[in-house]
Amino acid sequence: MQSRLRPPAAPLVAIDPYFSVWSAADRLTDDFARHWTGKRNAMTGIVRIDGAPWRFAGFAEPNPENYYAEPPAMHQKEMRLSPLSTTYEFEQSGVALSVKFTSPLLLDDLALLSRPVSYIRLGVRSADGKPHRVQVYFDVTGEWCVDTTDQKVVWGREAAVPLSVLRMGNEEQRYLNRSGDDARIDWGYVYLAARNAPSIRAGFGPASVRKQFAKQGTFQEDESWASPQVVRESMPVMACVWETEAVGTEERSELLALAYDDVYAIEYFGEPLEAYWKKGGVSTLRMLEDAFEEYADIAARCDAFDRRLTEEAVRAGGEKYAELLALSYRQAIAAHKLVSDRDGNLLFFSKECYSNGCIATVDVSYPSIPLFLLYNPELVKAMMRPVFAYAASDAWPYPFAPHDVGQYPLANGQVYGDNRLEAQMPIEECGNMLIMAAAVTLAEGHAGFAEQFGALLERWARYLLENGLDPADQLCTDDFAGHLARNANLSIKAIMGIAGYAIVLDASGRSEEAESYRSSAREMAAEWEKLASDGDRYQLAFGSAGSWSLKYNLVWDILWGTRLFPRHVAEREVAAYLNQMETYGVPLDNRAAYTKSDWLVWAATLANRQEDFVRLIEPLWTFANETPDRVPFTDWYDTRTGRQIGFQHRSVVGGLFIKLLKERGIEAAGHR
C-alpha cells in the first residue's frame, strides 16, 4: 500500500535508543538525517548519471557557512512507509534509483530483533530504455558515534574476506559512562559494511571526499589523515561507492549495512550487560557476515510481515489506522534494548525518551504492551522482570510498585523525583503491573510467570483494595497538570488491576481467592459509577461536576470480557468523545486542549461501532500528516494547533495496536 501519510519523521535506521536515525523532511534531500533527539547524524547519498552528479540523501557540504555548489537534488517520486521499511523512489536523467531502509525488527525472532544491523538496499534501472553509467556514493559521519561533535573519533577496517567493513568510534572508550535523556552514545563503534566486489569501493575521509566524488566519480583516502579527528572540524566519514550500469528495465541492486556494537549495553544493579545478540560469544564480524548471508530470507520475511500487518490493520480500523501502525511499529521497539541477566532471563529495557530518560518505566511499558502481546508476550515479561527485582530489593521502601528502575542505560535504582514519596505514582504503577501480569497470563494460557512474583502482586492488589476506589491526591501517568485527587480514570485502573489479579489467581488454581478479588472489583465498579456519573458522561474527578476525561483504562474490561462495568458506561463515554473532538482529536480531559495519541486510540477502542472508532482516530492521522513539528511520532500534542507539546520516539506508540489486540482477542485462561 502506497503511503498517503506524510510522516512527521520517517525511520531510516531504528534499532535501539542509541541507534535510531530518522529523516525529518518530506524529501530525503531536504535535510541531513537526524538522531531521534533531533541532533544531526548525517548520511549523504550522491549518484553520478553519465558523469553528472545528483543528490539523493543529505548534502555534500556539512558546514553551510562554507560556500559550495551542491549537486542538485534528484527528483523524489515517492516515499513508502511500511512497518519494517522506508523506501524512497527517485528518477533523473533516464535512471530510476530505489533506496530502501530496512530494520528487521521481527518480534518472534529475538536474535534478529537484537542484532544491531539496519539494511540499505540500492537499486538502479533504466527509466528511458537507454543504457546509462551509474556511480552511487553513500556515507555516514562520525556524528553517529559521539554525543557532542567536539569529541574525537578514530577509525579502521575489519579483516573480513566476504565483506568490506569500516569501523569508527570515539577515541575515548568509556562504556556506560553516564545516563541521561537528550544524549547520544559515545562508546562502542559504528560500522558501514558492503560485499567485497570489484564494483564496490569503501574508505574513509573528511566530508570533502563527497565533493571529490561529485566532480570526479571517485575519492582518494589521504594517508596523512590518520590521527584522531574532532568530528565538527573535518567531519570524518565512512563511505562506499558502487559502480554499475542501468540497462533496460531490469533492476541491478547492491546491499549496504549499518551496524553499531555498543560493547556494553545496560548496567543492571551495578553489573554491565552485553546486548542479547552477543549471547554465545557472537563477534561483531560474525554478526555482520550472518546479516549479509541471511539477507534474502530476512527481506522476504520482512515483506511478508509488512503485508500481513497492513492487511490486518486495514480490516481492524481502515487504511489510516494501518498507516499509523506502520509509523509506530519500529519506533515502539527501537525505544528498547534487549539483554539478559546472568541467569539467562530476558530483560527488555525501555528508555523514557524526551521525558526524563528513565529506564524500565512502568507507565511507559503499560501503554506499549498491545504490540508485544500480539507478537511476543515474552517481551512483556522481559519489561516486568527488572521492576519486580527492584521492588523485591531492600532499596525499594514502599508498599506499592515503583515507577522505574533508574535512568537509561543505568538500571541501578530509581533516581526519578529523588525517590521521594510525593514523586511516586502508587495506584498508577500497582494497577499497571497487575494488568500487565494478567494480560501475560491470558496471552500464555497459564500463570507460570506471575506465580514467580506472587507475593509482590498480592501486596499491590491489597494496596489497590485499600486505596484504589477513591484515589488520594497523587501523581499518575497523565500528570501534566500536576497532582489530582479522586481521579476517575485512575480509579478504573485500580479496579481493573484487582480484576487482573483475580485472573492470575484463577489461572493458578486459587479459585476461591480469585472470586473474592473479583467480587471486590465488581463492588468497586458499581460504586465507581455512582461517584463518577455526571448526566450522559462521567467525570474527570469524583465530585467535579461538568468535568470529563478519556477513560481509556476501561478497555481491559472489554478485552478481558470481565463485564465489571455496564456496557452503557463505555457507550456514554464514546458518545461524549465524539462531541468533544477538536481538529486533531479528543483532548485528554477538560483541563487543556492536549491529548495523548496512545490513550486516544485506547479510548476509541471502547467503541462498539467501527465507524465510531474510525471517526475518533482519523484526527490523529491528520495530526501526524499535518503537524509542523518534524520529530519521531510524538504522543503528546495540542488537538487544536497540531503542535507537539512534548515527548518523541517513545515506546508508548505500541499502544496504538490495541484495536488489533481487541480484534484478535485474548484467551481468558481460567477466567469465568
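The values are calculated or read from the model by the stated rules, or taken from the named source; none is laboratory data. Owing to the predicted nature of the structure, the values given are computational and were not obtained by experimental measurement. Here Cβ is always computed from backbone atoms with ideal geometry, including for glycine, and neighbour counts include all displayed protein chains. All accessible areas refer to the heavy atoms of the entire protein, side chains included, with ligands and DNA or RNA removed. Shrake-Rupley method; radii C 1.70, N 1.55, O 1.52, S 1.80 Å.
Of all residues in the range 418-430, those that are of a type in the set (A, V, I, L, M) have Cβ atoms under 6 Å from Cβ atoms of residues that are surrounded by 10 or more Cβ atoms within 10 Å (Cβ to Cβ), 6 or more apart or on another chain, in 423/417; 425/403; 425/475; 425/476; 427/468; 427/471; 427/490; 427/494.
Out of all the residues in the range 621-642, which are over 20 Å from the mean Cα position of the chain (by Cα) and open to solvent by 40 Å² or more (accessible area, probe 1.4 Å)? Once the filter is applied, which keeps residues that are over 20 Å from the mean Cα position of the chain (by Cα) and open to solvent by 40 Å² or more (accessible area, probe 1.4 Å), the range 621-642 yields 626, 628, 640, 641. Taking the range 307-348 as the range and being among the polar types (S, T, N, Q) and either surrounded by 22 or more Cβ atoms within 10 Å (Cβ to Cβ) or assigned to a helix (DSSP H, G or I) (or both) as the test, the residues that pass are 310, 328, 331.
Looking across the range 203-233, the residues that are within 25 Å of residue 126 (Cα to Cα) and buried (at least 16 other Cβ atoms within 10 Å of the Cβ) come down to 210, 213, 214, 217. Within the range 530-538, the presence of a residue that is modelled with pLDDT under 95, surrounded by fewer than 22 Cβ atoms within 10 Å (Cβ to Cβ) and under 30 Å from the mean Cα position of the chain (by Cα) is excluded. In this structure, residue 632 does satisfy being at pLDDT 95 or above, within 20 Å of residue 38 (Cα to Cα), touching a strand residue (DSSP E or B) at 6+ places or on another chain (Cβ under 8 Å) and in a loop (DSSP other than H, G, I, E, B). Out of 465, 469, 475, 484, one residue alone is open to solvent by 30 Å² or more (accessible area, probe 1.4 Å) and either touching a strand residue (DSSP E or B) at 6+ places or on another chain (Cβ under 8 Å) or modelled with pLDDT under 95 (or both). It is 484. Every condition in (1) in contact (Cβ under 8 Å) with a residue 24 or more places away in the chain; (2) at positive phi holds for residue 590 except the one numbered (2). In the range 291-315, the residues that are closer than 17 Å to residue 80 by Cβ reach residues that are part of a helix (DSSP H, G or I) with C-beta atoms within less than 6 angstrom, at least six apart or across chains, in these pairs: 310/322; 313/321; 313/322; 313/325; 314/322. What are the residues in the range 23-37 that are aliphatic (A, V, I, L, M) and either buried (at least 20 other Cβ atoms within 10 Å of the Cβ) or in a strand (DSSP E or B) (or both), if any? Once the filter is applied, which keeps residues that are aliphatic (A, V, I, L, M) and either buried (at least 20 other Cβ atoms within 10 Å of the Cβ) or in a strand (DSSP E or B) (or both), the range 23-37 yields 28, 33. Taken over the range 580-592, the residue count meeting the criterion of being open to solvent by less than 20 Å² (accessible area, probe 1.4 Å) and either under 11 Å from residue 552 (Cα atoms) or in contact with a Pro (Cβ under 6 Å, 6 or more places away or on another chain) (or both) is 2. Exactly one residue among 411, 401, 437, 395 is on the phi < 0 side of the Ramachandran plot and free of Cβ contacts under 8 Å to residues at least 40 places away in the same chain, and that residue is 395. Only one entry in 455, 437 is part of a helix (DSSP H, G or I) and open to solvent by 10 Å² or more (accessible area, probe 1.4 Å), namely 455. Against the list (1) of a type in the set (A, V, I, L, M); (2) surrounded by 19 or more Cβ atoms within 10 Å (Cβ to Cβ); (3) more than 19 Å from the chain's Cα centre (by Cα), the condition residue 73 fails is (2).
For the range 94-114, the set of residues classified as open to solvent by 30 Å² or more (accessible area, probe 1.4 Å) and in a loop (DSSP other than H, G, I, E, B) consists of 108, 109, listed by residue number. A single member of 611, 618 is farther than 17 Å from residue 538 by Cα and without any contact (Cβ under 8 Å) to a residue 12 or more places away in the chain, and it is 611. Summed over the range 141-180, residues that are crowded, with 16+ Cβ neighbours inside 10 Å and not in a strand (DSSP E or B) total 11. Checked against the criterion of being closer than 24 Å to residue 597 by Cα and in a helix (DSSP H, G or I), the range 501-517 contains not a single residue that satisfies it. Yes or no: residue 118 within 29 Å of residue 379 (Cα to Cα), touching a residue at least 60 places away in the same chain (Cβ under 8 Å), buried (at least 24 other Cβ atoms within 10 Å of the Cβ) and small (Gly, Ala, Ser)? Criteria met by residue 118.
Of the set (1) among the hydroxyl-bearing types (Ser, Thr, Tyr); (2) at pLDDT 95 or above; (3) more than 29 Å from residue 523 (Cβ to Cβ), all apply to residue 416 but (2).
Restricting to the range 355-375, and then to whatever is on the phi < 0 side of the Ramachandran plot and not in a helix (DSSP H, G or I), can you tell me which residue is surrounded by the most Cβ atoms within 10 Å (Cβ to Cβ)?
So the residue we want is 361.
With respect to (1) under 28 Å from residue 253 (Cβ atoms); (2) touching a residue at least 40 places away in the same chain (Cβ under 8 Å); (3) assigned to a loop (DSSP other than H, G, I, E, B), the lone exception for residue 11 is condition (3). Just one of (1) open to solvent by 10 Å² or more (accessible area, probe 1.4 Å); (2) closer than 21 Å to residue 209 by Cα; (3) assigned to a strand (DSSP E or B) fails for residue 134. It is (1). Take the conditions open to solvent by 10 Å² or more (accessible area, probe 1.4 Å) and not hydrophobic (A, V, I, L, M, F, W, C) and apply them to residue 397. Does it pass? So residue 397 passes the test. Taking the criterion of being surrounded by fewer than 24 Cβ atoms within 10 Å (Cβ to Cβ) and closer than 20 Å to residue 448 by Cα, no residue of the range 416-434 qualifies. The criterion of being in contact with a strand residue (DSSP E or B) (Cβ under 8 Å, 6 or more places away or on another chain), without any contact (Cβ under 8 Å) to a residue 60 or more places away in the chain and not in a helix (DSSP H, G or I) does not hold for residue 641. Among the residues making up the range 38-55, a single one is within 24 Å of residue 350 (Cβ to Cβ) and open to solvent by less than 10 Å² (accessible area, probe 1.4 Å): 41.
Here is a yes/no grid of residues against (1) open to solvent by less than 10 Å² (accessible area, probe 1.4 Å); (2) part of a loop (DSSP other than H, G, I, E, B); (3) under 27 Å from residue 636 (Cβ atoms); (4) not aromatic (Phe, Trp, Tyr):
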{"position": "524", "(1), (2), (3), (4)": "no, no, no, yes"}
{"position": "559", "(1), (2), (3), (4)": "no, no, yes, yes"}
{"position": "572", "(1), (2), (3), (4)": "no, no, yes, yes"}
{"position": "576", "(1), (2), (3), (4)": "no, no, yes, yes"}
{"position": "601", "(1), (2), (3), (4)": "yes, no, yes, yes"}
{"position": "607", "(1), (2), (3), (4)": "yes, yes, yes, yes"}
{"position": "614", "(1), (2), (3), (4)": "no, no, yes, yes"}
{"position": "619", "(1), (2), (3), (4)": "no, no, yes, yes"}
